[in-house]
Structure formats: C-alpha cells, structure tokens
Amino acid sequence: MEDLHSTHEVVAIHTRLKAGKEADYDRIHQSIPGDLDAAMRDAGVLSWRIWRSGRELFHLIETNDYARMRRFLAEHPANIPWQARMAELLEVEDDYSGEDLGIPLVWALPPR
C-alpha cells in the first residue's frame, strides 16, 4: 500500500454548477456520508473547503499528496456514488482521470 502521508500540499480547484442547482448543492453538502469522510481522510485529505459564488465553486484542499489522493479516490466505493450525485449538479463531472494539478498559484503575499 502507498504511503499517503508523506508530503503536504494546498491545491485550489474550480468547478461550476448547472443552472438552478445551487440550493441542491448547498443542501447535499450539509452532511457528507461518513464513509466518504473516512475515505478522504484515508486518502490523505487534511482539509477540504468549498466557497460558492452563484454557480462558481472554489475548493481549497490541503492534502498530503493531491495526485495520490485522486488515484486513491478514483475507484473508492464511497466516492463513486458521491461523484455520480455530483455529476447531476456540475456542468463538467470529475471522472478522476488525467493528471489534474488544480489551479496554478499566481501570487501570494510574501511572509515578513
């Protein structure tokens, strides 16, 4: 088994809801299934926060290794039904294929 706890990354991603799905998305995210929560933690997710502005969703994920997290969750039995549910709400579903790296960081306030 891969060591999922070897690094620390902060990754931003952007997704977009289908028109009229805002309330459904908010309602569904009020309670994440326990097996999905456990799977994300087992995959090395330390924190996953989502902001919504209209139909635009902005995710900030803190994880030990984003690429490994995606490989781990791609076929996980807790993630498959969740992604099917999200596919009903999102303009573009995430099938966990490819080498998604998130949104590239352009600028950050330098530390003093």
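Some values worked out for this structure:
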{"item": "Pairwise label distance in nanometres, ARG27 with GLU93, each label 7 Å out on the Cα-Cβ vector", "result": "2.1 nm"}
{"item": "Cα-based equivalent ellipsoid of the chain: semi-axis lengths in Å, sorted from largest, via gyration tensor", "result": "22, 20, 13"}
{"item": "Residues of region 44-69 with amide N under 13 Å of the 7 Å Cα→Cβ point at VAL10", "result": "47-49, 60-63"}
{"item": "Structure-based [θ]222 nm, the chain - -39500 (n - 2.57) summed over DSSP H runs of at least 4, per residue, nearest 500", "result": "-8500 deg cm²/dmol"}
{"item": "Residue-by-residue Karplus 3J(HN,Hα) for region 12-29, coefficients 6.51, -1.76, 1.60, Hz, glycine and proline x", "result": "9, 9, 10, 9, 9, 7, 5, 4, x, 9, 4, 5, 4, 4, 4, 5, 5, 7"}
{"item": "Neighbourhood charge, 9 Å Cβ-Cβ cut-off, centred on ASP100 and excluding it, Lys, Arg +1 and Asp, Glu -1", "result": "-1"}
{"item": "Point-to-point label distance, ALA19-ILE80, nm (Cα→Cβ direction, 7 Å offset)", "result": "3.4 nm"}
{"item": "Over the chain, relative contact order from alpha-carbon pairs under 8 Å, at least 6 apart, %", "result": "37 percent"}
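Since every read-out is calculated from the coordinates, none of them should be taken as a lab result. Everything numeric here is computed off the predicted structure, so don't read it as measured data. When we count neighbours, we look across all protein chains shown, and the Cβ atoms used for this are built from the backbone with ideal geometry, even at glycine.
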